[in-house]
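Rule-based calculations on the coordinates, nothing more; no lab input. Here the structure is a predicted model, which means the values were calculated and not measured. Cβ placement follows ideal geometry from the backbone for every residue including glycine, while neighbour counts extend to all protein chains displayed.
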Amino acid sequence: MQLFPCPFCGPRSESEFLFGGDAGNDRPEGFREVPDAAWASYLHDRNNRRGAANEIWMHMTCGELFRMERDTVHHGVSGSFALGDAVNP
Ligand SMILES: [Zn+2]
């Protein structure tokens, strides 16, 4: 079992976390004017990167969303940050 660092609670078991998707996959503004292809891309296209990734996670115990920098190959976590913190602190 891996420990994930919640920026609010500290290290916790990975079973307490829920994956929220890639960081930076922002919802298109102005839903009435957004072409169908842009909505489809927002909802379904994923980078599925190999290596370093920025992801959004939720710690279900405290209910906070945060950004985690994680390597998708060896699952090492290099940092976790409250949303709104600088992208490269
Ligand atoms: Zn937490």
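By how many nm would the segment from residue 22 to residue 3 lengthen if fully extended, with 0.36 nm per residue of separation less the alpha-carbon distance? The partial results should precede the final answer.
Working: separation 19, 0.36 × 19 = 6.84 nm, distance 1.98 nm.
Contour length minus Cα-Cα distance gives 4.9 nm.
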Rounded to the nearest 500, the 222 nm mean residue ellipticity computed for the chain from DSSP H runs (n ≥ 4, each -39500 (n - 2.57)) alone is -3000 deg cm²/dmol
What residues qualify as long-range amide H neighbours of residue 72, i.e. H under 5 Å apart, gap of 5 or more or another chain, H built at 1.01 Å from N? 51, 52, 53
Under-5 Å amide H pairs with residue 79, H placed in peptide plane, nonlocal only: 69
Which whole-Hz couplings ³J(HN,Hα) result when phi for each residue of the range 35-48 is put into the Karplus expression 6.51 cos²θ - 1.76 cosθ + 1.60, θ = phi - 60°, listed in order with x for Gly and Pro? x, 3, 5, 5, 5, 4, 5, 4, 7, 10, 7, 10, 6, 6
By residue number, which cysteines of the chain lack any other Cys whose Cβ falls under 4.7 Å from their Cβ? 62
Can you work out the FRET efficiency for the pair residue 12 and residue 41, with r the C-beta to C-beta distance and R0 = 35 Å, to the nearest 0.05? 0.60
